[in-house]
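A.B. asks: Once you've had a glance at the structure underneath, I'll fire off some questions.
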Amino acid sequence: MPTSAERRQAALAAIDSVMAGGPARDVESELVDFKEESGTVDRSGHRGEVGDRHEPAAVSLAAEAACMANTAQGGILVVGVDDKASGISSLVGAYSDADWLRRRIWALTQPNLTVDVEEVQRAGVRLLLVNVPDALEEVRSNGRLRTRVGVGCEELSGDRARQFLEARRGFDWSAQRSGMRLSMVTPEAWASARRHYEEENGTAPGSNHEIARRLGVLLDDDSDPELTRAGALLLCAYEPNVPQIHLMLSDTEGVASRRSVRAGAPILPLYDAVLSMLLSEAFPAESMLVGTQRQSLRAIPEVAIRESIVNAIMHRDYRLDRATIIALATAVPGDVFKVRSPGGLPPGVSAARLIATQSKPRNPALAEAMRVLGLAEKEGVGIDTMYRLMLRDGHPEPEIVEQDGEVVVRLSGGVPDVLLREFFDDLAAREPRLRDEVRATIAITRLFSVPILRPELLAEVAQSSVGDATYTLDRLAEVGAVGRLLDGSRSYRLTREARDVLGDRVRYARRSAIDRHAELVDAYLDTHVDIGREEAVKLLGIGETRASQILGELAQDHRIARIGPRRGRLVRYRKA
């Protein structure tokens, strides 16, 4: 969780990025939001000044501050930046008096929210930094409950508001009393729990009571203790008339299933039955040669199948007692697996940021018990694992969306690409740090369709920081999978050796000559302040006249910016 100083530093870094030429909207993050004061732009789009105590500006900024406070990390509003512009021109200035704005935000929020408002100057323009800590309780403005999702704010109402409030107050449905006792655990559930515990830990405790204690599902020290709802769901016939999972095997979606399993708690033996049917009938293993070794492969990786089911069990909303986890495997043999879990994503979690977001189970006590049994990832990186394994076998990345109050996971598989798996296995053998690195898998897969990959693009698609993306590309370069377009540049491409191994998997769209020239110029400017006609002649291998034309075209397209004279040998260009 970032400190106030860390939030401030993130804001200053974001301002510097915009001043360096970046589009302001692309620089915004979950932590930093650019804002203009209400009233500075009229209906015709003309920008003007407002007073230093302009009430509409305070009302608007108070709402944004409340939204920021309703996150786990808080955030910072940079006031006086047009997020639709780029570069220094996006700095349009702030007019509110800092102390007055701080007091108005406090007065306009319920409960009163205390923020820090700091005035800073950049390029002669006055900006305000509104530093918002994460609140200990939900904060409203004008009676509205909103929270930040990705780089925007969303209003919460109905079930979503209830879920947010319960999560904010530390409510855990699965940790509550169930009314069921340890003596009510079924023999099948005990057998399943013991087997999973032994597989995860090597040995299991001597008594069932000790297994339950280690799962954290006991509420008292009686001889027959009461179970939490997590314990009851996993081990007992809890709410026997409520189906918990419904698995269907079908030739295609929308037609009657040829085989199915539909049952209620206890969930542990039900999970075993569902997984057994999926692995034996829907996605049976086939022995395939990967390099010099035979491996047991499936149309969809087994771990990805497990993760999709386990995530649904951990995250579903069990208060929707008429809803069921629906799992559907289609085709013969299966090549698509879809899981629908009742209840949307937890507040503050966006489907577009699932790789980057630490797991926030809706039912923490249930999730912890499943981790103890080895059924769930201990570090909350199950989504990363699903992405990595699907891409490694040549399949599309998982589709995970929030739809009609449910979270839907869709895995599209097929015949595994053994040569691609061999390629990734070889990378991991040469550099063990790449074995479980989802960014590395995403980077290589991205380079199938684009000839050049820069850290900024990898950071976007892998939902990571630019620094982490650069680290991954450098590791891939060390093992010879990628190389820099020019020495010292931040433009990476597959090496010739990698392209030879990957063959027709590398399918670049046809590019124009100007695009190829732009890539080289961009890479050159990573290590040089500017470029002129003479450097372009050597870099691009063309004549002087054509070099001048190309640099002019790139400037006209805003890929580079002209500096100095407009004509002649002294014309220079820098990064836009």
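A.B. asks: Here are Arg362, Arg392: which of them is over 19 Å from Leu275 (Cβ atoms), in contact with a helix residue (DSSP H, G or I) (Cβ under 6 Å, 6 or more places away or on another chain) and at pLDDT below 90?
C.D. replies: Details: Arg392 fails: at pLDDT below 90.
Among Arg362, Arg392, only Arg362 is over 19 Å from Leu275 (Cβ atoms), in contact with a helix residue (DSSP H, G or I) (Cβ under 6 Å, 6 or more places away or on another chain) and at pLDDT below 90.
A.B. asks: What's the total number of residues in the stretch 543-570 that are more than 39 Å from the chain's Cα centre (by Cα) and crowded, with 18+ Cβ neighbours inside 10 Å?
C.D. replies: 2
A.B. asks: Now, a different point. Take Ile531 and decide whether it is at pLDDT below 90 and in contact with a helix residue (DSSP H, G or I) (Cβ under 9 Å, 6 or more places away or on another chain).
C.D. replies: In short, no.
A.B. asks: So, one more: Just give me the residues in the stretch 109-137 being surrounded by fewer than 21 Cβ atoms within 10 Å (Cβ to Cβ) and either under 16 Å from Val59 (Cα atoms) or acidic (Asp, Glu) (or both), in sequence order.
C.D. replies: Passing the criteria: Gln110, Pro111, Asn112, Thr114, Asp116, Glu118, Glu119, Asp134, Glu137.
A.B. asks: List pairs: first residue in the stretch 532-557 and within 13 Å of Ile514 (Cα to Cα) and without any contact (Cβ under 8 Å) to a residue 60 or more places away in the chain, second residue surrounded by 15 or more Cβ atoms within 10 Å (Cβ to Cβ) and not aliphatic (A, V, I, L, M) anywhere in the structure, Cβ distance under 7 angstrom, at least six positions apart or on different chains.
C.D. replies: Once the first residue is within 13 Å of Ile514 (Cα to Cα) and without any contact (Cβ under 8 Å) to a residue 60 or more places away in the chain and sits in the stretch 532-557, its partners that are surrounded by 15 or more Cβ atoms within 10 Å (Cβ to Cβ) and not aliphatic (A, V, I, L, M) give Leu540/His517; Ala547/Arg533; Ser548/Arg533; Ile550/His517; Leu551/Arg533; Leu551/Tyr573; Ala555/Arg562; Ala555/Tyr573.
A.B. asks: Inspect all residues belonging to the stretch 494-506 and state whether any of them is in a helix (DSSP H, G or I), under 28 Å from Thr445 (Cβ atoms) and of a type in the set (Ser, Thr, Tyr). Write out each step before concluding.
C.D. replies: Of all residues in the stretch 494-506, those in a helix (DSSP H, G or I) come to 496-505.
Right, trim to under 28 Å from Thr445 (Cβ atoms) and you get 496-505.
Add one more test, that the residue is of a type in the set (Ser, Thr, Tyr), and what stays is none.
The answer is no; no qualifying residue exists.
A.B. asks: Okay, next question. So which of Gly467, Gly480, Gly488 ends up being part of a loop (DSSP other than H, G, I, E, B), among the small types (Gly, Ala, Ser) and farther than 26 Å from Glu422 by Cα? Before the answer, list the steps.
C.D. replies: Working: Gly467 fails: part of a loop (DSSP other than H, G, I, E, B); Gly480 fails: farther than 26 Å from Glu422 by Cα.
Result of the check over Gly467, Gly480, Gly488: Gly488.
A.B. asks: Would you check if there is a residue in the stretch 203-222 being exposed (fewer than 13 other Cβ atoms within 10 Å of the Cβ) and either within 22 Å of Arg316 (Cα to Cα) or touching a Pro at 6+ places or on another chain (Cβ under 6 Å) (or both)?
C.D. replies: No - not one qualifying residue is present in the stretch 203-222.
A.B. asks: Looking only at strands (runs of 3 or more DSSP E) that lie completely in the stretch 108-177, which have at least 1 residues being more than 30 Å from the chain's Cα centre (by Cα)? Full working, then the answer.
C.D. replies: Values: elements: 116-122, 125-132, 144-149, 152-155.
The qualifying strands (runs of 3 or more DSSP E) are 116-122, 125-132.
A.B. asks: Something else: Restricting to the stretch 302-314, give me the number of residues that are over 13 Å from Ile245 (Cα atoms) and surrounded by fewer than 23 Cβ atoms within 10 Å (Cβ to Cβ). Explain how you work it out, then say what you get.
C.D. replies: Filtering the stretch 302-314 for residues over 13 Å from Ile245 (Cα atoms) gives 302-307.
Next, only the ones that are surrounded by fewer than 23 Cβ atoms within 10 Å (Cβ to Cβ) stay: 302-303, 306.
Of the residues in that region, 3 qualify.
A.B. asks: Something else about it: Could you tell me whether Arg340 is touching a residue at least 40 places away in the same chain (Cβ under 8 Å), basic (Lys, Arg) and surrounded by 15 or more Cβ atoms within 10 Å (Cβ to Cβ)? Walk me through how you get there before you give the answer.
C.D. replies: On the way: touching a residue at least 40 places away in the same chain (Cβ under 8 Å): yes; basic (Lys, Arg): yes; surrounded by 15 or more Cβ atoms within 10 Å (Cβ to Cβ): yes.
It is true that Arg340 is touching a residue at least 40 places away in the same chain (Cβ under 8 Å), basic (Lys, Arg) and surrounded by 15 or more Cβ atoms within 10 Å (Cβ to Cβ).
A.B. asks: What pairs come up if the first residue lies in the stretch 48-69 and is at negative phi, the second is part of a loop (DSSP other than H, G, I, E, B) and of a type in the set (Phe, Trp, Tyr), and their beta carbons are under 9 Å apart, counting only those six or more places apart or on different chains?
C.D. replies: Glu49/Tyr95; Val50/Tyr95; Gly51/Tyr95; Asp52/Tyr95; His54/Tyr95; Ala57/Tyr95
A.B. asks: Examine the stretch 69-85 for a residue that is among the hydrophobic types (A, V, I, L, M, F, W, C), modelled with pLDDT of 95 or more and more than 29 Å from Val349 (Cα to Cα), and state whether such a residue exists.
C.D. replies: no
A.B. asks: Right, something else. Would you please list the contacts, defined by Cβ atoms under 6 Å and residues six or more apart or on different chains, that run from a residue in the stretch 271-282 that is touching a residue at least 60 places away in the same chain (Cβ under 8 Å) and assigned by TED's automatic domain parsing to the domain that holds Ile309 to a residue that is surrounded by 17 or more Cβ atoms within 10 Å (Cβ to Cβ) and assigned to a helix (DSSP H, G or I)?
C.D. replies: Every condition considered, the pairs that remain are Asp272/Ser192.
The values are calculated or read from the model by the stated rules, or taken from the named source; none is laboratory data. Fair warning: this is a prediction, and the values are worked out from it, not measured in the lab. Every residue, glycine as well, gets a Cβ built from its backbone with ideal geometry; the counts of neighbours run over all protein chains shown.
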